[in-house]
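The values are calculated or read from the model by the stated rules, or taken from the named source; none is laboratory data. Keep in mind that what you see is a predicted model, and the values were worked out from it rather than measured. Here the Cβ positions follow ideal geometry from the backbone for every residue, glycine too, while neighbour counts run over all protein chains shown.
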Amino acid sequence: MDKGSLLSGMAVGAALVFVFGKVVRGGHFTSETVDGRVRDLRNRARGIAAATLARLRSDEVDDDRLRARVRSKLGRVCSHPRAIEVYVNDGEVTLLGPAMADEVRALLTAAASVRGVHSVVNDLEPHDSPNGVPALQGDGRLAGSSFHLLQRNWVPATRALVSVAAVAAGGLAIAYARR
């Protein structure tokens, strides 16, 4: 692989990044975008550090905080999280209320995975269909986490990573084609 083909490949890759950025973002890179990327990366680093430190601390938390953690987790695995009551007593979590039968296992697993939960009591009422159950009516949607590249609005760190990857891929593709 010679330097000329590598440089031309990088130029094509840079052009692809430019066009791709225009299509996806509908604009151009500005100093505000760079600041946003730096801020995003800094916040992610803080989050990783906080999560790491939290693993080193005791799992004992007060019941109100534990209840909030469990409720937050349930919203990611359940189509109607408001239908479920969460009771906490010294690390023992009780889930009570109507739930779709195919979501019960995910609910119990999610509650048990929360840091600080010692046990989970299943008092859920599984239903195969939402028909006739007022709490399960309406357009229930799972919040879930989605893969960054499939989101409509990318976080700054993902945009930066895609830009670098596109330049590298373009350079390698042209260098390989010239070979």
Among (1) out of contact with any Gly (no Cβ under 6 Å at 6 or more places or on another chain); (2) assigned to a loop (DSSP other than H, G, I, E, B); (3) at pLDDT below 85 - the single one Val114 does not satisfy: (3)
Subset tally (residues that are surrounded by 12 or more Cβ atoms within 10 Å (Cβ to Cβ) and of a type in the set (Asp, Glu)) for the stretch 44-93: 4
